[in-house]
Amino acid sequence: MQKYSVNQHLIETILAWVKSGEIAIPEIQRPFVWDSSKVRDLMDSLYQGYPVGYVIAWRNPNVRLKDGSMSEGRKVLIDGQQRVTALTAAILGQYVINKTYQRVKIKIAFNPIEERFEVQNPAILKDKTWLHDISEAINGDLFEIADNYFELNPDIDKKHVRNAFSNLINIPKKQIGLIELSPDLDIETVTEIFIRINSKGVVLSQADFAMSKIAADTDNNGNELRKAIDYFCHLAIAPDFYKHIVDNDKEFTKTEFFQKMQWLKTENEDLYDPDYNDLIRVAFTSQFNRGKLSDLVSLLSGRNFETRTFEAEIAQQSFSTLKEGVTNFINETNFKRFLMIVKSAGFISPKLIRSQNAINFAYIVYLKLKHLGENPVAIESYVRRWLVYSILTSRYSGSPESTFDFDIKQISHKSFDEILREREAAELSDAFWNASLPQSLDTSVASSPYFHVFLASQVKANDKGFLSKDVLVSDLISLRGDIHHLFPKDYLKKNGLDRSRYNQIANYVYMQSEINIKVGNKPPKDYFELIRQQMIENNKQVSGISTEQELWNNLKMNCVPTELIEMSINDYQDFLTLRRKLMATKMKGYYYGL
């Protein structure tokens, strides 16, 4: 079976298809990530007649309507978005949204004498030999533009400049290759073709397929749903983007979606800033009880999995269900209550959460259990436990889609309490806490999920920083305090230890910088002697701790073995072993207290 066709089309034809909707591309709200210089280079390549690569479109399948007739599918652009957006910006003069979500114009200037393109800048605006914006020339009155140019530059070679003008305005007549994929291909095959055609071998996100599919279906208000997803994700990162929506998208401000996301305009919480991939995945999985986004693409196309045909009613129902999932996701009460639960587990900072899939599925658990009418107090405990369990076991690091699919189907058929007990028995046995976890703590990677769970356990317990009388670990994390070494780094380096050994996470504590400076590069037995002396003399040169009981309590909450106070370099390995066990024991108590 021929999986695709290849044709050459005029650039003006491609742009006309984009304007008419025959080709659906991610809307202008999607960030344009090319630098302006790349747009300039694209224009130069077209002017010179060089090839600029292919764009790839996948025709939507024809869908059977209620009256039995067939609806012809649009083309969905799945590769070449940046090039096509660059063409609309440079040739048509349209605005784009840049990487920081600002609405900007990219103006490309042209010097017909030198036949050279450049990004417009203040120097060019002062130079009469340049056309300041090629979109004005291409879409304007060429004779008037030429007359004005010759009036400003009377001594030039007019024939040469006329040829240059002619070549410039003929750029839209240049051809670009369009690879059109067959509508009956499944998403996995389309992805494989994309990877093989794309010389960089970039893996195409299935969320990108889903977003293009959503935007293309105007019959089911997919363009509005697509904007809701994009706008929410943008506002979550940049609340001042709200003004852009109000100023530039009056139509969207009248929608129910906009009313439901207005709370973000004053929200600066950055614990969970989802992108469109996260939002779609959570909305889809929680609402459809499926974990594979390829199924969403099929359902939005109207696929009947039993008859293997495409039906308008299935597409309509799928859009309605997805809309409900998106609405639940962006709901202020849901979102803020979920974040409150995550924080109550000790995860108060985004730097403590490195697994986006773990927090995504925790939100799915929250939304699903709420929908099932589970007790709110039980929901809090279940969400905390599942989040920590999935981080400790790296549950979603391998094949997250398959695991999402398995887990959501389990939740739909069993009580969550039963699921959790089964998982704990299988993966969090005594062997895990006593052997596997201490072994996992044998690492020098400060971003280790195990270390993050340990820090969360300290936050949850309101522990104080190492040798701090009043300052909490949570304060040090929130206020960007520093991680320091119990056996000072310089001390270990001077004794011949390499980076992987002195940077062990069992050697890390959150400590106030001023205390760390006083500790310096002394071995533990020496700096603890200083602390003893300060307690005897009742001064606070090193630490605010003033009694032995305060000191023992501080060591205990930081899982520091008391043996440390007499230790030097020969005891370092024993110290690491002791502290890993103490850290694992604390994490076990923390987990079962969630």
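The values are calculated or read from the model by the stated rules, or taken from the named source; none is laboratory data. Just so it is clear, the model here is predicted, and its values are computed rather than measured. Note: ideal-geometry Cβ built from the backbone for every residue, glycine included; neighbour counts use all protein chains shown. Please note that ligands, DNA and RNA were not included when accessible areas were found on the heavy atoms of the full protein model with its side chains. Shrake-Rupley method; radii C 1.70, N 1.55, O 1.52, S 1.80 Å.
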Using the structure shown, decide if Tyr242 is over 15 Å from the mean Cα position of the chain (by Cα), of a type in the set (Phe, Trp, Tyr) and buried (at least 16 other Cβ atoms within 10 Å of the Cβ).
yes
Do you know which residues across segment 294-318 are out of contact with any Lys or Arg (no Cβ under 7 Å at 6 or more places or on another chain) and closer than 21 Å to Lys409 by Cα?
Ser294, Asp295, Leu296, Ser298, Leu299, Arg303, Asn304, Phe305, Glu306, Gln317, Ser318
Say we look at segment 133-144 and pick out the residues that are surrounded by 15 or more Cβ atoms within 10 Å (Cβ to Cβ) and not hydrophobic (A, V, I, L, M, F, W, C); which of these is nearest to Ala90 (Cα to Cα)?
Ser135
Of all residues in segment 342-362, which are in a helix (DSSP H, G or I), over 19 Å from Ile408 (Cβ atoms) and β-branched (Val, Ile, Thr)?
Val342
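Which one is farthest from Leu235 (Cα to Cα), of the residues in segment 23-40 that are of a type outside the set (Lys, Arg), modelled with pLDDT of 85 or more and surrounded by 18 or more Cβ atoms within 10 Å (Cβ to Cβ)? First the steps, then the outcome.
Applying the first criterion (of a type outside the set (Lys, Arg)) to segment 23-40 yields 23-29, 31-37, 39.
From what is left, the residues that are modelled with pLDDT of 85 or more are 35-37, 39.
Then drop every residue that is not surrounded by 18 or more Cβ atoms within 10 Å (Cβ to Cβ), which leaves 36, 39.
Working: Ser36: 25, Val39: 27 Å.
Ranking the candidates gives Val39 first.
Assess whether Val445 counts as being surrounded by fewer than 22 Cβ atoms within 10 Å (Cβ to Cβ), aliphatic (A, V, I, L, M), under 23 Å from Val342 (Cα atoms) and modelled with pLDDT under 95.
Working: surrounded by fewer than 22 Cβ atoms within 10 Å (Cβ to Cβ): yes; aliphatic (A, V, I, L, M): yes; under 23 Å from Val342 (Cα atoms): no; modelled with pLDDT under 95: yes.
Answer is no for this residue.
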Name every residue in segment 145-164 that is exposed (fewer than 15 other Cβ atoms within 10 Å of the Cβ) and aliphatic (A, V, I, L, M), in order of residue number.
Leu152, Ile156
Is it the case that some residue within segment 447-466 is more than 18 Å from Arg385 (Cβ to Cβ) and among the β-branched types (Val, Ile, Thr)?
no
With the structure loaded, tell me whether Ser390 is of a type in the set (Gly, Ala, Ser) and buried (at least 21 other Cβ atoms within 10 Å of the Cβ) or whether it fails that test.
yes
Among residues of segment 310-330 being open to solvent by less than 30 Å² (accessible area, probe 1.4 Å) and among the aromatic types (Phe, Trp, Tyr), the residue farthest from Ile359 (Cα to Cα) is Phe319
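Working only within segment 372-404, note down all residues that are acidic (Asp, Glu) and over 20 Å from the mean Cα position of the chain (by Cα). Break it down stepwise before answering.
Applying the first criterion (acidic (Asp, Glu)) to segment 372-404 yields 374, 380, 401.
Selection gives Glu374, Glu380.
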Which residue, of Leu296, Leu225, is modelled with pLDDT of 90 or more, under 24 Å from Leu372 (Cα atoms) and surrounded by 17 or more Cβ atoms within 10 Å (Cβ to Cβ)?
Leu296
Limited to segment 229-248, what total is found for residues that are more than 30 Å from Phe347 (Cβ to Cβ) and in contact (Cβ under 8 Å) with a residue 24 or more places away in the chain?
2
Out of all the residues in segment 423-438, is one or more without any contact (Cβ under 8 Å) to a residue 12 or more places away in the chain, acidic (Asp, Glu), more than 30 Å from Asp498 (Cα to Cα) and open to solvent by 10 Å² or more (accessible area, probe 1.4 Å)?
yes
Among (1) touching a Ser or Thr at 6+ places or on another chain (Cβ under 8 Å); (2) not basic (Lys, Arg); (3) not in a loop (DSSP other than H, G, I, E, B), which single condition is Asp417 missing?
(1)
Val282: over 30 Å from Trp263 (Cβ atoms) and of a type in the set (A, V, I, L, M), yes or no?
no
Look through Thr333, Thr285, Thr307 and report the one residue that is of a type in the set (Val, Ile, Thr), open to solvent by 10 Å² or more (accessible area, probe 1.4 Å) and either assigned to a helix (DSSP H, G or I) or touching a Gly at 6+ places or on another chain (Cβ under 8 Å) (or both).
Thr333
Which condition number does Ser390 fail, the rest of (1) touching a residue at least 40 places away in the same chain (Cβ under 8 Å); (2) farther than 13 Å from Lys292 by Cα; (3) among the polar types (S, T, N, Q) being met?
(1)
Output the residues belonging to segment 257-270 that are free of Cβ contacts under 8 Å to residues at least 40 places away in the same chain, closer than 14 Å to Ile330 by Cα and open to solvent by 30 Å² or more (accessible area, probe 1.4 Å).
Gln259, Gln262, Lys265, Glu267
Could you list all residues from segment 271-281 that are touching a residue at least 60 places away in the same chain (Cβ under 8 Å) and more than 15 Å from Lys336 (Cβ to Cβ)?
Tyr276, Asn277, Asp278, Ile280, Arg281
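For segment 86-99, name all the residues that are open to solvent by 20 Å² or more (accessible area, probe 1.4 Å) and among the polar types (S, T, N, Q).
Quick first cut of segment 86-99, residues open to solvent by 20 Å² or more (accessible area, probe 1.4 Å) only: 92, 94-95, 98-99.
Of everything in segment 86-99, those that are open to solvent by 20 Å² or more (accessible area, probe 1.4 Å) and among the polar types (S, T, N, Q) turn out to be Gln94, Asn98.
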Hey, Val445 touching a residue at least 12 places away in the same chain (Cβ under 8 Å), within 16 Å of Tyr591 (Cα to Cα) and among the β-branched types (Val, Ile, Thr) or not:
no
Looking at segment 2-22, which of the residues that are in a helix (DSSP H, G or I) and over 32 Å from the mean Cα position of the chain (by Cα) is surrounded by the fewest Cβ atoms within 10 Å (Cβ to Cβ)?
Ala16
Out of the residues in segment 450-486 that are farther than 24 Å from Leu594 by Cα and free of Cβ contacts under 8 Å to residues at least 12 places away in the same chain, state the one that is least open to solvent (accessible area, probe 1.4 Å).
Leu479
Can you find a residue in segment 428-449 that is outside any helix (DSSP H, G or I) and closer than 25 Å to Asn375 by Cβ?
yes
Which numbered condition trips up Asp407, out of (1) over 23 Å from the mean Cα position of the chain (by Cα); (2) among the acidic types (Asp, Glu); (3) surrounded by 18 or more Cβ atoms within 10 Å (Cβ to Cβ)?
(1)
